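Data block below; observations after.
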Amino acid sequence: MEDRIYEKYFRQHRLPHIWCPGCGNGIVMKAIVEAVEKQKLNRDNTVIVSGIGCSSRASGYMDFDTLHTAHGRAIPFATGIKLANPKLNVIVITGDGDCTAIGGNHFIHGARRNVDLTVVLFNNSIYGMTGGQASPMTPVHKKATTAPYGSVDRPFDACHLAEAAGAAYVARSTAFHVQHLTDMIAGGIARDGFSFIEAVVQCPTAYGRKNKMADPAQMMMWMRDNAVMKAAWDKLPTDKRDEKFPIGVFYQHEFTEYGKAYNEVIEMAQGGKK
Amino acid sequence: MKAEIFLKSERCKGCGICVAFCPKKVLAIDALGRCSIVNPDECIACGQCELRCPDYAIFVDKKKVAK
């Protein structure tokens, strides 16, 4: 067998991973390391930071300098790392509950500050690890253990949220579109500023079983059939959008990166009168 | 046979994603609930199984044609 490049980025003695059979997190984790390879990042200069939840277990399997932090607080930890040593490439792995509920404020303020981070949100639409409670990204009418008759709360669109909060790069892809997802993440790494990538993943165990999609392959086929590329989505009439959702790069903008703005302040403060 | 398929069965959890996405029905879930190769000759080395395997348990190499 030929050696696989992605295999060298995993801590081999930690595999197989803890995720359920069919969980999409493994696919996204591979996409992240392939994006790292694509961007030719030096492994010694790359840090993976994660919060708490199913998704955040990924940091334990990735052979970089990794940090598994407090619930919802991955972005503040990552901000500290980046400001302490701006040479590092910092990638944040978070989940839908971790990022938009527990860490909701950290997320919007991270985007507002525009620190050069790449945030990958694994959106499985549920709190998987704690037993399938509805998260802020559970779609309306979908069932969860805390919403046995279907969720009534309207979900966040994390991409809109990131864009409105001031992120420099906003994209979405799915676990089905592996190469596309890799490209989206690679684009986020390349961007100097707060990059946000939402990866839609299947959770057959907690979400699928409650919502008549217990087969992981069936969930991936749902992604295949319902994800629409951004260009096609813009032309799609509103009545045909239905359960469909857009994927691709939604937003890109150059803002002053936080570290650079901060260095200007340091220079000003140390420079004396001019 | 156009390809060589390798399985790391100790990693396989039998989720069936590879079986569902294989266009040539090369793979099946065996009695132990793990992926197995049932039709190796049909494989066209498309790599769909390796691409989407969440457990990194299957690898497909295209056979190099001898010149």
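Computed values, structure above
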read-out	value
Separation of alpha-carbon centers, the range A:206-223 and the range A:127-150, rounded to whole Å	14
Part-to-part distance (alpha-carbon centres) for the range A:226-272 and the range A:11-79, which is given in Å	22
Cα-based reach from B:Lys63 at 14 Å (exclusive), listing aspartates and glutamates while leaving out same-chain residues under 8 positions away	A:Glu2, B:Glu4, B:Asp41, B:Glu42
Residues with amide H under 5 Å from that of B:Gly14, placed H, sequence gap 5 or more	B:Cys35
For the range A:34-39, 3J(HN,Hα) per residue [Karplus equation, 6.51 cos²θ - 1.76 cosθ + 1.60, θ = phi - 60°, Hz, x = Gly/Pro]	5, 5, 4, 5, 4, 7
Electrostatic dipole magnitude of the protein assembly as shown [Cβ: Lys, Arg +1; Asp, Glu -1; Cα centre; debye, to 20]	220
Per-residue HN-Hα couplings for the range B:34-40 [Karplus 6.51, -1.76, 1.60; θ = phi - 60°; Hz; x = Gly/Pro]	10, 5, 9, 9, 10, 10, x
The range A:1-132 shape via C-alpha gyration tensor axes, a/c threshold 1.5	oblate
Occluded residues from the range B:19-66, i.e. those whose accessible area drops by 30 Å² or more once the chain is not alone (1.4 Å probe)	B:Ala20, B:Phe21, B:Glu50, B:Leu51, B:Arg52, B:Pro54, B:Tyr56, B:Phe59, B:Asp61
Separation of the B:Val38 and A:His253 label points, Cα + 7 Å toward Cβ, nm	5.4
Accessible surface ranking that places the most exposed of A:Ile189, B:Ile58 first, with a 1.4 angstrom probe	A:Ile189, B:Ile58
³J(HN,Hα) computed for each position of the range A:206-214 - Karplus, 6.51 cos²θ - 1.76 cosθ + 1.60, integer Hz, glycine/proline x	8, 8, x, 4, 6, 10, 6, 9, 6
A:Asp215 accessible area, assembled protein chains, probe 1.4 Å, Å²	70
Links that overshoot a 29 Å alpha carbon limit, given the list A:Lys30/A:Lys235; A:Lys8/A:Lys82; A:Lys230/B:Lys25; B:Lys24/B:Lys64; B:Lys25/B:Lys62	A:Lys30/A:Lys235; A:Lys230/B:Lys25
Rounded to 5, the percent of DSSP beta bridges in the range A:120-274 classed as antiparallel	35
Two-decimal log10 I(q)/I(0) for the protein assembly as shown, as the Debye equation yields it once each C-alpha is a single scatterer, q = 0.08 Å⁻¹	-0.39
Accessible heavy-atom area order of A:Met229, A:Met223, A:Met213, highest first, probe of 1.4 Å	A:Met229, A:Met213, A:Met223
Charge dipole (debye, nearest 20) of the range B:3-62; +1 at Cβ of Lys and Arg, -1 at Cβ of Asp and Glu	180
Among beta bridges that DSSP assigns inside chain B, antiparallel share in %, nearest 5	100
Cysteines without a disulfide-compatible neighbour (Cβ-Cβ under 4.7 Å), chain B	B:Cys12, B:Cys15, B:Cys22, B:Cys35, B:Cys43, B:Cys46, B:Cys53
Surface per residue (accessible, 1.4 Å probe) for the range A:122-274, Å²	52
Chain A - share of DSSP beta bridges that are antiparallel (%, nearest 5)	20
Chain A, accessible surface, carbon-and-sulfur percent (1.4 angstrom probe)	53
Farthest toward positive dipole pole in the protein assembly as shown [+1 Lys/Arg, -1 Asp/Glu at C-beta], among B:Ile17, A:Ile81, A:Ile266	B:Ile17
Whole-angstrom gap from the range B:1-50 to the range A:156-193, using each part's C-alpha centre	31
The range A:125-274: projected area of the alpha-carbon convex hull, averaged over directions, in nm²	12.3
Label-reachable residues, the range A:91-114, where backbone N falls under 19 Å from a point 7 Å from A:Arg154's Cα toward its Cβ	A:100-101
Residues whose placed amide H lies under 5 Å from that of A:Gly150, excluding near-sequence neighbours	A:Ala144
Calculated over the range B:3-62: convex hull of Cα atoms, volume per residue (Å³)	65
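The values are calculated or read from the model by the stated rules, or taken from the named source; none is laboratory data. These numbers come from a predicted model, not from an experiment. For neighbour counting, all protein chains shown are included, and Cβ atoms are generated from backbone atoms with ideal geometry for every residue, glycine included. Accessible surface is based on the protein model in full, side chains and every heavy atom, while ligands, DNA and RNA are left aside. Shrake-Rupley method; radii C 1.70, N 1.55, O 1.52, S 1.80 Å.
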